[in-house]
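Down below is the structure, laid out as structure tokens.
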Amino acid sequence: MATETECYVTDTSVLIERVVSKMLKDGEIKGRIIIPTIVIAELENQANKGYETGFIGLEEVQEIRKLCEEKQIQLEFLGERPTEAQIRLARSGEIDAAIRELSNKQKAVLITADKVEAESAKAYGVEVKFFKIRVQKKKLFIEKLFDENTMSVHLKENCFPHGKKGRPGEWKLVKLNEKLLTRKQLENIAKETVEHSRIEADAFIEIMRRGSTIIQFKNYRVVIVKPPLSDGWEITIVRPLKKLHIEHYELSEKLLKRVHDEAKGIIIAGETGSGKSCFAQALGEFYAKTGNIVKTVESPRDLQLSDQITQYSKNFASHTELHDILFLSRPDRIIFDEMRDTGDFTLYIDLRLACSVIGVLHSSSSINAIQRFISRTDVGMIPSIFDTLIFIKNGRIAEVYTLEMKVKVPSGMTEADLTRPVIEVRNFITGNLEYEIYSYGEETVVIPVSAGLKNGRLAMTVEKIERELKKYVSKVKAELVSENRVRVYIPSKEIARIIGRKGKNIDKIERKLGVSLEVEEL
């Protein structure tokens, strides 16, 4: 039991976890409390960055001051403000070292909820009161907003709370109550969620930055956004309705054999909320049950998977570190959820060229998913990067395509000298050729084969014109205006040469090609 003369020093962790105010209320502190100035500075730094932990800690300091006045307990703020080097090296333990030094100097008991800080302080001979945070067995406010049919809840200040009820593709937006939400209510909801995410075993703060926080709380993904990033406080909570198994999707034997034995690179695409991550989960569990080591790369980690599947977060490691970990741990299958930017695509490509990878990305159509790779890699590599595309719509598999490279004349073209590498995109179920991807001039084009005959004739016409005109000029770009009229762009110094005296050259070319030419400056 503490004596009247005992002195206590608090670190940052116990302020964020609201430990000291509880000790004061329970009568466990009767001596003198010292809050290091360096701790206040650290909380200010977090609050200035928009981190909820900073605001929670500063509010705890205010509560401590109030309780100390009521109980007539001495409260002091001691020590120097941190240097720039200490702030920069905070994660390396510089601030913790300053707190230990102050505790030693004041012969005080260090109160901490940080296990490393506690053990380090003991090594220096500092008396420590370590608090292992206990999980409170109560439902959070966000959990009370959900029923068995709720997919997501949307909260915004000065608005009514709404929830999406139903299932992917078949849902409706429902007003949850008739009370407008205030900024203060949303701030309290955010603080409660952050506090519990720090102590719950199956919860973690995935991203915390100025203006936004992303939390995975049990099976809830919580996205908190606030000014200046948004025009007001907003909290979105998403929860999968149920965990689906591969049997739910009723895959044919042919498709099941494809995803299990034949496909090495799979892309799962679909619009937001279409159910593509649910299918990726089911596929991951299917691979694990059939004797594969499965690992995931996610941001945030919100796939609901069994313990035997290891989930890695992009937010806590660089692409290089993830690359090294994955290759050294030798997985049979990797699921890359939520591919967004060029760095993600680059990592997917690198992983795929070494092992089997399933990528998940947002796309409004199946062909758009393929086009997202065209600007990010050499087109000829695409069939090697992924050979199977599965498009999800309304929670179901809507389309399945296979990709294969062939050297051929594109559909609709007839002249043998137009042969080139062509990526064939075929419907996996019917075997029908539906799209072709190939280089056309300096561009890469995606041509629906249903329009292949017409497009092929037009492409052949334009290429034939460009080839003919290059006999007369150094550079030319042809553009089809109509089936019988073509606009050609030529360097200004060479226009006279192509037209010829009294238009003799251009007339000759037009008769040969059977089209009318408009000549403009390139």
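The values are calculated or read from the model by the stated rules, or taken from the named source; none is laboratory data. Since we're looking at a predicted model, the values are computed, not measured. As a convention, Cβ positions derive from the backbone with ideal geometry for all residues, glycine included, and neighbour counts pool all protein chains shown.
Data table
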| item | result |
| --- | --- |
| Options V357, V422: the member that is buried (at least 16 other Cβ atoms within 10 Å of the Cβ), in contact (Cβ under 8 Å) with a residue 60 or more places away in the chain and part of a strand (DSSP E or B) | V357 |
| Enumerated helices (runs of 4 or more DSSP H) restricted to the stretch 1-81, each holding at least 1 residues that are among the aromatic types (F, W, Y) | 52-71 |
| Selection status of V153, of a type outside the set (S, T, Y), buried (at least 17 other Cβ atoms within 10 Å of the Cβ) and not assigned by TED's automatic domain parsing to the domain that holds R301 | yes |
| Odd one out for V407 among (1) surrounded by fewer than 22 Cβ atoms within 10 Å (Cβ to Cβ); (2) among the hydrophobic types (A, V, I, L, M, F, W, C); (3) touching a residue at least 24 places away in the same chain (Cβ under 8 Å) | (3) |
| In the stretch 505-522, the residues that are exposed (fewer than 14 other Cβ atoms within 10 Å of the Cβ) and either of a type in the set (A, V, I, L, M, F, W, C) or in a helix (DSSP H, G or I) (or both) | D507, K508, R511, K512 |
| Within the stretch 282-309, considering residues that are of a type in the set (S, T, Y) and either touching a Ser or Thr at 6+ places or on another chain (Cβ under 6 Å) or within 18 Å of K243 (Cβ to Cβ) (or both), the one modelled with the lowest pLDDT | S306 |
| Within the stretch 395-436, tally of residues that are over 37 Å from the mean Cα position of the chain (by Cα) and among the hydroxyl-bearing types (S, T, Y) | 3 |
| Unmet requirement for S21, which otherwise passes all of (1) closer than 15 Å to E127 by Cβ; (2) at pLDDT 90 or above | (1) |
| Selected residue [over 14 Å from T388 (Cβ atoms), of a type in the set (D, E) and surrounded by fewer than 21 Cβ atoms within 10 Å (Cβ to Cβ)] from E262, E253, E298 | E253 |
| Sole residue being surrounded by fewer than 19 Cβ atoms within 10 Å (Cβ to Cβ) and either in the same structural domain as E187 (by TED's automatic domain parsing) or not acidic (D, E) (or both), chosen from L24, L15, L58, L43 | L58 |
| Cβ-Cβ under 7 Å pairs, at least 6 apart or on other chains, the stretch 168-189 side on the phi > 0 side of the Ramachandran plot, far side surrounded by 14 or more Cβ atoms within 10 Å (Cβ to Cβ) and not in a loop (DSSP other than H, G, I, E, B) | G169/K393 |
| Residue ID - farthest from E94 (Cα to Cα), chosen from residues in the stretch 16-47 that are touching a residue at least 60 places away in the same chain (Cβ under 8 Å) and not charged (D, E, K, R) | M23 |
| Qualifying residue in the stretch 63-71 (condition: under 38 Å from the mean Cα position of the chain (by Cα), modelled with pLDDT of 90 or more and not assigned by TED's automatic domain parsing to the domain that holds L229) | yes |
| Meets criteria (within 27 Å of V194 (Cα to Cα), part of a helix (DSSP H, G or I) and modelled with pLDDT under 90) for I95 | yes |
| Helices (runs of 4 or more DSSP H) wholly inside the stretch 253-335 that include at least 2 residues being in contact with a Leu (Cβ under 6 Å, 6 or more places away or on another chain) | 276-289 |
| Some residue of the stretch 341-353 being within 23 Å of S274 (Cβ to Cβ), in contact with a helix residue (DSSP H, G or I) (Cβ under 7 Å, 6 or more places away or on another chain) and not in a helix (DSSP H, G or I) | no |
| Given (1) without any contact (Cβ under 8 Å) to a residue 12 or more places away in the chain; (2) surrounded by fewer than 14 Cβ atoms within 10 Å (Cβ to Cβ); (3) not aliphatic (A, V, I, L, M), number of the condition R81 does not satisfy | (1) |
| Scope the stretch 282-310; condition under 22 Å from R209 (Cα atoms) and of a type outside the set (D, E, K, R); matching residues | V297, S299, P300 |
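Per-residue answers, yes or no, for (1) closer than 28 Å to S365 by Cα; (2) modelled with pLDDT under 75; (3) not in a loop (DSSP other than H, G, I, E, B):
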{"position": "Y435", "(1), (2), (3)": "yes, no, yes"}
{"position": "N455", "(1), (2), (3)": "yes, yes, yes"}
{"position": "L458", "(1), (2), (3)": "yes, yes, yes"}
{"position": "K464", "(1), (2), (3)": "no, yes, yes"}
{"position": "E468", "(1), (2), (3)": "no, no, yes"}
{"position": "S474", "(1), (2), (3)": "no, no, no"}
{"position": "A478", "(1), (2), (3)": "no, no, yes"}
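Every residue, every condition in (1) more than 24 Å from E247 (Cα to Cα); (2) surrounded by 19 or more Cβ atoms within 10 Å (Cβ to Cβ); (3) in the same structural domain as I205 (by TED's automatic domain parsing), yes or no:
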position: A280; (1), (2), (3): no, yes, no
position: S318; (1), (2), (3): yes, no, no
position: H323; (1), (2), (3): yes, no, no
position: D344; (1), (2), (3): yes, yes, no
